[in-house]
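To start, the structure under review is shown below, and the notes come after it.
Nothing in this text is a laboratory measurement; each read-out follows from the coordinates by a stated rule. Note that the structure is predicted; figures quoted are calculated from it, not measured. We place every Cβ from the backbone using ideal geometry, glycine too, and count neighbours over all the protein chains shown.
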Amino acid sequence: MPLVETQPDAVARTYAKALYELADAAGGRAKVEETLSELEEILDLARADPKFGELFASRSINAKARGQSLDRIFKGRVSDITHHFLMVLNAKGRIGALVGVVGAFDSIVQEKFGRIEVDVFTADPLDAASIVTLKDRLFKSLGKEVVLHPYVDKAMIGGVKLRIGDQLIDGSIATQLRKMKDALDTDGSATLRAKISDIIQGE
């Protein structure tokens, strides 16, 4: 049974808020960052290894047996806060909602630290200079430190797509071409020429 990819709900946000307060009290920003990093690494492992993922997702494992496994795997390998939090989630029957809880925790961390996560999609990998330039432009536009996650989308012809939260900003060439076709179908060649001029001039 694969790990359940759930969106944060009210319960997940409640657990996430409690975890943030606990980590912040224990060591401030450094401890919060450490806790988030550990939880994200655990999720990555659970997604990559189906057997490991079952430990969190399977309903056939009772809480006591799962708790023993969690304790054996994580004690001494992650921080006490992360270890204790996993044990509490398991004891409360909420370990299966770990994805949503970590998602909510991540959102709280970004908000508290004045950061924003942006997914950027391009046809080819971005080089280091392009990433720095894009982050700088986004910072000037959004007024927040940007955590950039670059992805390659082979289906794209060119251009760039940005996803900020649940908003998608599509600046891909394919989208521009589709808009030009729509303009030609509905408004005629004059509007099309104007749109082409805007794209050439970068407006």
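Between GLU54 and ALA10, what length comes free when the chain is fully extended (0.36 nm per residue of separation minus the Cα-Cα distance, one decimal in nm)?
On the way: separation 44, 0.36 × 44 = 15.84 nm, distance 2.42 nm.
Taking GLU54 through ALA10 to full extension adds about 13.4 nm, to one decimal.
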Practice item. With label points built 7 Å along Cα→Cβ from the Cα atoms of GLU117 and ALA65, find their separation and express it in nm. Key: 3.3 nm
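If you filter segment 1-70 for trypsin sites (Lys or Arg not before Pro), then keep DSSP loop positions with at most 13 other Cβ within 10 Å, what is left? Present the calculation step by step, with values, prior to reporting the outcome.
Working: sites: ARG13, LYS17, ARG29, LYS31, ARG47, LYS51, ARG59, LYS64, ARG66; in loops: ARG59.
Qualifying residues, ordered by number: ARG59.
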Point to revise | Histogram of C-alpha separations across segment 78-161, 5 Å bin width, % | key: 3, 13, 16, 16, 13, 12, 11, 10, 5, 1
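Local charge sum around LEU98 (other residues, Cβ-Cβ under 15 Å, Lys/Arg +1, Asp/Glu -1)?
Value of the local net charge: -3.
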Exercise for review: Could you line up LEU39, LEU162 from fewest to most neighbouring Cβ atoms inside 10 Å?
Suggested key: LEU162, LEU39
Practice item. Note the full-extension length gain between ARG163 and VAL88 as 0.36 nm times their separation in residues minus their Cα-Cα distance, in nm to one decimal. Key: 23.7 nm
Check your understanding: Using r as the Cβ-Cβ distance of ARG77 and ASP170, and R0 as 30 Å, what FRET efficiency do you calculate, to the nearest 0.05?
Key -> 0.10
Review point. If you rank HIS149, HIS84 by fewest surrounding Cβ atoms within 10 Å, what's the result?
Key: HIS149, HIS84
Practice item. Sorted from largest down, give the three principal axis spans of the alpha carbons of segment 10-111, whole angstrom values. Key: 36, 30, 25
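Suppose we take every Cα in segment 1-62 and form the convex hull; what volume per residue is that in Å³?
Numbers: hull volume 6.1 nm³, N = 62.
Roughly 99 Å³ of hull volume per residue.
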Review point. If the cut-off is a Cα-Cα distance under 12 Å, which aspartates and glutamates reach LYS64, setting aside same-chain residues fewer than 8 apart in sequence?
Key: none
